[in-house]
Structure formats: C-alpha cells, structure tokens
1. Using Cα pairs under 8 angstrom and six or more residues apart, how large is the relative contact order of the range 36-166, in percent?
2. As a footprinting exposure proxy, order 365, 286, 55, 189 by other Cβ within 10 Å, with the fewest listed first.
3. Given the range 1-69 reduced to its alpha-carbon atoms as identical point scatterers, what log10 I(q)/I(0) does the Debye formula return at q = 0.13, 0.16, 0.20, 0.28 Å⁻¹?
4. How much of the DSSP bridge set in the range 98-236 is antiparallel, in percent, rounded to the nearest 5?
5. What ranking of 98, 299 emerges when the number of other C-beta atoms within 10 Å of each C-beta is taken as an exposure proxy, fewest first?
6. Mind jotting down the distance between the C-alpha centroids of the range 18-78 and the range 225-279, whole Å?
7. Can you give the FRET efficiency for residue 374 and residue 140, using 1/(1 + (r/R0)^6), R0 = 51 Å, r = Cβ-Cβ distance, to the nearest 0.05?
8. Size of the range 115-252 along its principal axes in angstrom, Cα-based, largest extent first?
C-alpha cells in the first residue's frame, strides 16, 4: 500500500525562528515513517534563504518540490494562522501564534479553516482561544457576524536536538574583542517600538544593564546577538546607532555593550552559548509564542533571567531560572503591527525594580545559580527534546488524523472469465 502524501508548506530554507521550527517538525514527520513527505519551500519576511545548503542538509533538500501534482492526503502549513488555507484531504496548521493576549479575527478564521492547529505553547493556545470577535452594522444595533475558535488546538512544543545544543566548553566563537570574562547574552530580533516598548524589550535590557553596573569596578559586559530582520551593513549600523543613543541617556562610567551581527550556523550558536565569557542569558521580553533561544540556552546549563509570562514559562521552571515578576499591560502604540499586534491587546512588562536585583543576583552568586541551571538543563534535555516532540506529534496524529486515504486504496479489477477458443 502506498504511503499517504503529506505536503508541508513552510519556510524550511530560511534563517528564521519559523525556519528552525519547520526543519525540526519535518524531521519528526519523516521519522514517523508513515508518510510520503513533500516540502513546498516558502519565504519568511526578509530573512535570507540558504540554510539547507549552508548546513549540507541533503535529506530535507531532496524532499522540496516546486508544485504538487495532485491534492495531498495531509496538508500542513507552518506559518501565521491568517495564511492557513485547506488544500488537502486533512489539513493542519502549525504556528507559534501571538505574543500578546489577543489575535486578529483573521487568525481565528484561519484556525477554523483547518482540521487541527498545533501551537508552540500554552500561551499560544490561550491567545487564540481568548480571541473572540463581533462585526456590527454601522448603527451598531446588529451583529453581522461573530467568531471564535471552533476547531481543535493542541500544544506541540518546539523540541530541541540535544546533539546541536549541549554543554561543552568551547572558545571557537570569536569573542576576542570582548574584554570581560563575565557577560550576559541577549538573542533576538530588535523589533519596532520606543525604548522599553519593542517586543523583545532589547532597548530596556540595555538601559537597565547600563544603569545597574555604571560606575562599578570590574563590571560585567553585555553581548547582543540581535538584528532587525537581516544581516546587512545598514541593519548593523542602525542597531549600533540606537545603542549609542541609549548610552547617551545614562550618565556615568558605563559598562561595555557588544554587538554580534549576521547569520550564524547552529554550531556557531552553540559555540556562542558555551563560550566561557558568556555566563548567562537575559530576556526582558514582553511576550513569546515559545521563546526558542531560551530553551536552547537552557541546554548548555547556564543561568537564565527571563520574564515570568508567555511561552517560555512552559519550560523555565521558576525554581531553577530567575523569572521576573511584572504586570500585563496594554501594548504601546509604537509597537503595534497592523492586523497582528492589536491596540486592544496586552502583554507583559517586567517589574523595573526587580531587574537590577536579578542582574546582581546572577553576578554575585553565580555558583549558586549555576547549580540550578544545570538542574534545569538536565530536566529540559529529557522533557523538551526533539524525540519527545516527535512522540507527542505521533500521539496527536493517531488521535486526529485518519488512518487511510483515498490515494491508498488500490482498485481491484474484477477477474474476467473468457471463453475458451478452439483453434
């Protein structure tokens, strides 16, 4: 019997968070060994292509097709929900959903077009289920239509391959320009918003670091692995300009801030995480659909400071990581994104009085925090591994996806009895 055709539309060849999710997801589908997998490679914003070639991933590259010859048995889209379109006999959407408390109504409609949606975290599921809408007439007296999520949603975390991200001291990543032996690491896209209002909260992370350690002898450093969406020189100079403006707003002798810019391989990311000059990761994020770099960093068993809200709390145990308290507040107007981050939505703001306290706690009591970080790494290596994700995916497929499809049915022609001819 032929295997069911499983077509997956995703940004598999891009240097992006969704690209990483797509590659791991496809590998899990292939590992199930139940489907004839075909990949339709898509773009993801301004992030560049070339990941598969750079990493010599011939297995995934060999499954890419330009188009489909027939309707697939299983159709999977790894993207934002407003782009979901049912193209197969059974249709699955895969998304990290939204970092805020609400999603646009087009995302709700997208989920309802699919038979099943798999999201990255409990927060992602909440943001979709919490999003209900009404469209009213001009006089506001009549509800023209309303909507809420009607189709099944399940949480499928973004499993990490422990062979890619593991605890092993290395100096392979070039940090020779970093003079401090103790540095905090920040990873992520520096998105729109005033200082303290961008989604990853990178501006406030820098400013609070400068305020915490200004005029101090032997202060730590801050290493930023960030971009605004691409690896161009213009992008790099724009970030450096913003960093300098933040520095100008803080008076005193300031600690050093370093920028690592440009695309890096998985090995280089792991080498950066493991570099002896990198001691901890910090994320004052307003919201995450999952928070993949935080899970990756937990695997190298170093301390993490992060906001106590949204996707990352699924895998950051509050007893083993430093989770900042705070409040859920309206999104600032400078961080709004049309049809995505909505004016009526809310997200998290960490308590500013606790940020300096947590920076100092890691710096002054590093050995104590390191013990907890090792416990967290060992825990996450088992619970949030790629193998565990594959097993959970298999469970969902058994629960929701049909066992057989029309393409597998082999037509049996009736046996013809012909008369014997005497020749």
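1. Across the range 36-166, relative contact order equals 18 percent.
2. Working: 365 11, 286 30, 55 14, 189 17.
Starting with the residue having the fewest Cβ neighbours, the order is 365, 55, 189, 286.
3. For the range 1-69, the Cα-only Debye profile gives -0.34, -0.51, -0.78, -1.36.
4. Numbers: 4 of 14 bridges.
Around 30 percent antiparallel, to the nearest 5.
5. Values: 98 28, 299 24.
By the 10 Å Cβ count, ascending, the order reads 299, 98.
6. Centre-to-centre distance over Cα atoms comes out at 31 Å.
7. 0.30
8. 65, 44, 30
Every number in this text was worked out from the coordinates using simple rules, so none of it is lab data. Owing to the predicted nature of the structure, the values given are computational and were not obtained by experimental measurement. Every residue, glycine as well, gets a Cβ built from its backbone with ideal geometry; the counts of neighbours run over all protein chains shown.
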